[in-house]
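S.K.: Can you read through this structure? Questions will come right after.
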Amino acid sequence: MYLLYVDESGTTHDPNQQYFVLAGFCVFERQGYWIANQLDQIAARFDPADPAAVELHGSPIFGGRGRWRSHPKEDRHQAIEDALKVFLQSHPSNRLFASVIKKSAVYPKDPVEAAFEQLASRFDKYLMRLHRNGNTHRGIIIFDKSTYETTIQSLATDFRTIGYTWGVIRNFSEVPLFLDSKASRLIQLADLIAYAVFRHFEKGDNRFFPIIEPRFDSEGGVVHGLHILQ
């Protein structure tokens, strides 16, 4: 089974933000432990006595908010880079997926709906490609608990029954699950990935995005894992 960990970056209601991003990564079920362990080591730089108390979230780390205020800027930004590189070094079957929605391009439609449709369908098609190559897996999408939980659960149910724009979701074992990010390093990594994508498009900041760009799902030179709606 492949698990797709997803988080959002940007908000649907802030008029000062142009973009909304859903992004994350899929990982084979037995490979998550190694990734979480590597992230624990990064967290331990900032609290060796209790690394579990250190949550890795892009916006607070980058901006130096909360517990991050006492740490130098370069140390904080290096932690984001190193966490993203953990995924870069993971098994090549682990892929990135992101949907970048310019909110004005879908108005008055909900950008959450547009982004989730793209993300879910692209993950489903990745699982279909694996199946065609004799490597059959089911999938589950795991989100951070958020204000969009009700919307996403409703959409997921519809996609499995009445379908979405391009068909019916066929390879998911269950509707999306929602976890508290405090309990999951993998959800925290999804947050960092979404933040890196968001900063690239919203701020034109290229420090983090090029690190992960090679790992977006692709086949035959065609990138399937990154959807951009301008």
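S.K.: Residue by residue through segment 65-101, note down the ones that are of a type in the set (D, E, K, R), open to solvent by less than 50 Å² (accessible area, probe 1.4 Å) and in contact with a Phe, Trp or Tyr (Cβ under 9 Å, 6 or more places away or on another chain).
M.R.: Those that are of a type in the set (D, E, K, R), open to solvent by less than 50 Å² (accessible area, probe 1.4 Å) and in contact with a Phe, Trp or Tyr (Cβ under 9 Å, 6 or more places away or on another chain): R76, E81.
S.K.: Check segment 130-144 and report whether any residue there is under 17 Å from S218 (Cα atoms), open to solvent by less than 30 Å² (accessible area, probe 1.4 Å), small (G, A, S) and touching a residue at least 40 places away in the same chain (Cβ under 8 Å).
M.R.: For segment 130-144, residues under 17 Å from S218 (Cα atoms), open to solvent by less than 30 Å² (accessible area, probe 1.4 Å), small (G, A, S) and touching a residue at least 40 places away in the same chain (Cβ under 8 Å): absent.
S.K.: Now, a different point. Cβ-Cβ below 7 Å, separation at least six or inter-chain, first residue in segment 1-15 and open to solvent by 10 Å² or more (accessible area, probe 1.4 Å), second part of a loop (DSSP other than H, G, I, E, B) and acidic (D, E): which pairs?
M.R.: M1/E29; L3/E29; T12/D110
S.K.: Condition first: more than 20 Å from the chain's Cα centre (by Cα) and over 20 Å from L192 (Cβ atoms). Can you find one or more residues in segment 50-69 that meet it?
M.R.: Yes, the conditions are met somewhere in segment 50-69.
S.K.: Quick check, is F116 more than 16 Å from the chain's Cα centre (by Cα), assigned to a helix (DSSP H, G or I) and either within 27 Å of T12 (Cβ to Cβ) or β-branched (V, I, T) (or both)? Break it down stepwise before answering.
M.R.: On the way: more than 16 Å from the chain's Cα centre (by Cα): no; assigned to a helix (DSSP H, G or I): yes; either within 27 Å of T12 (Cβ to Cβ) or β-branched (V, I, T) (or both): yes.
In short, no.
S.K.: Something else about it: Just a yes or no: is a residue in segment 183-195 open to solvent by 70 Å² or more (accessible area, probe 1.4 Å) and either without any contact (Cβ under 8 Å) to a residue 24 or more places away in the chain or closer than 16 Å to Y5 by Cβ (or both)? Break it down stepwise before answering.
M.R.: Let us first name the residues in segment 183-195 that are open to solvent by 70 Å² or more (accessible area, probe 1.4 Å), namely 183.
If we keep only those that are either without any contact (Cβ under 8 Å) to a residue 24 or more places away in the chain or closer than 16 Å to Y5 by Cβ (or both) as well, we get 183.
Checked segment 183-195: at least one residue is open to solvent by 70 Å² or more (accessible area, probe 1.4 Å) and either without any contact (Cβ under 8 Å) to a residue 24 or more places away in the chain or closer than 16 Å to Y5 by Cβ (or both).
S.K.: May I ask you to verify whether Q41 is under 17 Å from L189 (Cα atoms), open to solvent by 60 Å² or more (accessible area, probe 1.4 Å) and among the polar types (S, T, N, Q)?
M.R.: Values: under 17 Å from L189 (Cα atoms): yes; open to solvent by 60 Å² or more (accessible area, probe 1.4 Å): yes; among the polar types (S, T, N, Q): yes.
Judged against the criteria, Q41 is a match.
The values are calculated or read from the model by the stated rules, or taken from the named source; none is laboratory data. Everything quoted here is computed from the prediction, not taken from an experiment. Quick reminder, even Gly has a Cβ in these numbers, built from the backbone with ideal geometry, and neighbours come from all protein chains shown. Ligands, DNA and RNA are excluded from the accessible area calculation, which covers all protein heavy atoms including side chains. Shrake-Rupley method; radii C 1.70, N 1.55, O 1.52, S 1.80 Å.
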